[in-house]
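Sharing a structure here in structure tokens format.
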Amino acid sequence: MNFRPTMLLVLLVMLGCRGWDSELVRSKDFESQLNVLAILSPDDGGVVEVQVMRTLPLEGPTGERSDPFTECHYSEYYDSTICHERTRWISYYSVTDALVTLSDGGATYDFRYDDRVDRYQYTGYYVPVDTNFFPVTGVTYQLSVETPDGLEVSGTCTIPPPVAIKTDLLSDTLQVRKTFDVAWTHTANYVQVLIRSVPDTGYAWHACEVWKHAIVQDDSSWTFRIVPDCWEEADTLIPYFEVEISVLAMDKRYYDYFISPEGGANETTFIFLGMGDTGRSQGIEGGLGVFAAYRSDTVRRLVKR
């Protein structure tokens, strides 16, 4: 089971997980809220992302340095163990003592704070106690997050059907500068298609770079044309290179929070993106953040120059 810290997305997961903000809030009538990111998917090895933050007042500190600690590693060059004294940043945004659970109406799955994942991050990252937990298609999950000081949020999310690229309609070898269609099963109204070069293959060796991206609504195919950015030598030395074609089918909450212009998403990488006195919420009750799901499929194709 692969429970990856974000970001991935995804975020891994193809999107770069755009848009989740840590919130600095005006101190007038300030009341702290939880800011939660929870993403589920049965795909990509199984994605169960639950990260918990809290809002902070504008004039307050955002963290502090830890006490010094010793970190050691073995050096093959010196054939010895080398140790350094370090400190780490302790973020006041991060919530590390929350009670986090997911329920499917029958079973309840407890989560625990994972300091191994969170050590150099600014959010409280939580993983299932049951490492065999896997989101299931069609199941509605209830999320509950509570802290000892009385903050709590909840939400529900249903796992959408799987999406599949129609490989029988996609040629095994694509041609540079010629159009081709990428088609997929229509399981969601919001889809991101990403085409990117695959590095370190026997065909490319980083010689040609490709990054094509499209957000598609209410459709199940899109037309692309690959115009790679290649080294000058690649024009004569590299007859083929390889690309990865990914389709990410999102539920409406995922789209509204991370992608939709109306949702206020931005292009910066998600750590704590932006500050302000207002926040956004999709699928979260009692606080800020997002509880959403996606499905994905990926294929590889050769591209002939």
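The values are calculated or read from the model by the stated rules, or taken from the named source; none is laboratory data. Note that the structure is predicted; figures quoted are calculated from it, not measured. No Cβ is skipped: glycine too gets one built from the backbone with ideal geometry, and neighbour counts run over all protein chains shown. Heads up: the accessible areas ignore ligands, DNA and RNA and are worked out on the full protein's heavy atoms, side chains in. Shrake-Rupley method; radii C 1.70, N 1.55, O 1.52, S 1.80 Å.
Would you check if there is a residue in the stretch 200-209 being in contact with a His (Cβ under 8 Å, 6 or more places away or on another chain), of a type outside the set (Ser, Thr, Tyr), open to solvent by 70 Å² or more (accessible area, probe 1.4 Å) and within 17 Å of Leu302 (Cα to Cα)?
Within the stretch 200-209, one or more residues are in contact with a His (Cβ under 8 Å, 6 or more places away or on another chain), of a type outside the set (Ser, Thr, Tyr), open to solvent by 70 Å² or more (accessible area, probe 1.4 Å) and within 17 Å of Leu302 (Cα to Cα).
Given the structure, is Asp114 closer than 15 Å to Ser144 by Cβ and either touching a strand residue (DSSP E or B) at 6+ places or on another chain (Cβ under 7 Å) or surrounded by 14 or more Cβ atoms within 10 Å (Cβ to Cβ) (or both)?
Judged against the criteria, Asp114 is not a match.
Here's a follow-up. Tell me, yes or no, whether the stretch 175-184 has at least one residue that is over 23 Å from Tyr93 (Cα atoms), modelled with pLDDT under 95, touching a strand residue (DSSP E or B) at 6+ places or on another chain (Cβ under 8 Å) and of a type in the set (Gly, Ala, Ser).
Scanning the stretch 175-184, I find no residue that is over 23 Å from Tyr93 (Cα atoms), modelled with pLDDT under 95, touching a strand residue (DSSP E or B) at 6+ places or on another chain (Cβ under 8 Å) and of a type in the set (Gly, Ala, Ser), so the answer is no.
Then there is this: Of the residues Ser41, Ser91, only one is more than 13 Å from the chain's Cα centre (by Cα), small (Gly, Ala, Ser) and modelled with pLDDT of 70 or more; which? It would help to see each step written out before you state the result.
Details: Ser41 fails: more than 13 Å from the chain's Cα centre (by Cα).
Unique residue meeting the criteria: Ser91.
Just give me the residues in the stretch 97-136 being in a loop (DSSP other than H, G, I, E, B) and hydroxyl-bearing (Ser, Thr, Tyr), in sequence order.
Matches in the stretch 97-136: Tyr120, Tyr122, Thr123, Thr131.
Matching residues to (1) of a type in the set (Phe, Trp, Tyr); (2) at pLDDT 60 or above; (3) open to solvent by 20 Å² or more (accessible area, probe 1.4 Å):
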residue	(1), (2), (3)
Phe3	yes, no, yes
Cys17	no, no, no
Leu24	no, no, no
Ser32	no, yes, yes
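May I ask you to list the residues in the stretch 129-143 that are at pLDDT 95 or above and crowded, with 17+ Cβ neighbours inside 10 Å?
Scanning the stretch 129-143 gives Pro135, Tyr141, Leu143.
When you go through (1) open to solvent by less than 20 Å² (accessible area, probe 1.4 Å); (2) at pLDDT 85 or above one by one for His73, which number turns out not to apply?
It fails just one condition, (1).
Could you tell me which residue of the stretch 144-169 is surrounded by the most Cβ atoms within 10 Å (Cβ to Cβ), considering only residues that are closer than 15 Å to Tyr109 by Cβ and aliphatic (A, V, I, L, M)?
This residue is Val145.
Let me ask something else about it. Any chance the stretch 137-146 includes a residue that's assigned to a loop (DSSP other than H, G, I, E, B), assigned by TED's automatic domain parsing to the domain that holds Val48, touching a residue at least 24 places away in the same chain (Cβ under 8 Å) and within 20 Å of the chain's Cα centre (by Cα)? Step through it out loud before you land on a result.
First pass over the stretch 137-146, keeping only residues assigned to a loop (DSSP other than H, G, I, E, B): 137-139.
With the extra rule that they be assigned by TED's automatic domain parsing to the domain that holds Val48, the set shrinks to 137-139.
Still in the running and touching a residue at least 24 places away in the same chain (Cβ under 8 Å): 137, 139.
Next, from what is left, pick out any that are within 20 Å of the chain's Cα centre (by Cα): 137.
Within the stretch 137-146, one or more residues are assigned to a loop (DSSP other than H, G, I, E, B), assigned by TED's automatic domain parsing to the domain that holds Val48, touching a residue at least 24 places away in the same chain (Cβ under 8 Å) and within 20 Å of the chain's Cα centre (by Cα).
Any residue at all in the stretch 262-271 that's touching a His at 6+ places or on another chain (Cβ under 9 Å) and modelled with pLDDT under 90?
Taking the stretch 262-271 first, the residues touching a His at 6+ places or on another chain (Cβ under 9 Å) are none.
Looking through the stretch 262-271, none of the residues is touching a His at 6+ places or on another chain (Cβ under 9 Å) and modelled with pLDDT under 90.
Next up: Phe224 fails exactly one of the following numbered conditions: (1) out of contact with any helix residue (DSSP H, G or I) (no Cβ under 8 Å at 6 or more places or on another chain); (2) under 23 Å from Phe258 (Cα atoms); (3) modelled with pLDDT of 95 or more. What is the number of that condition?
(2)
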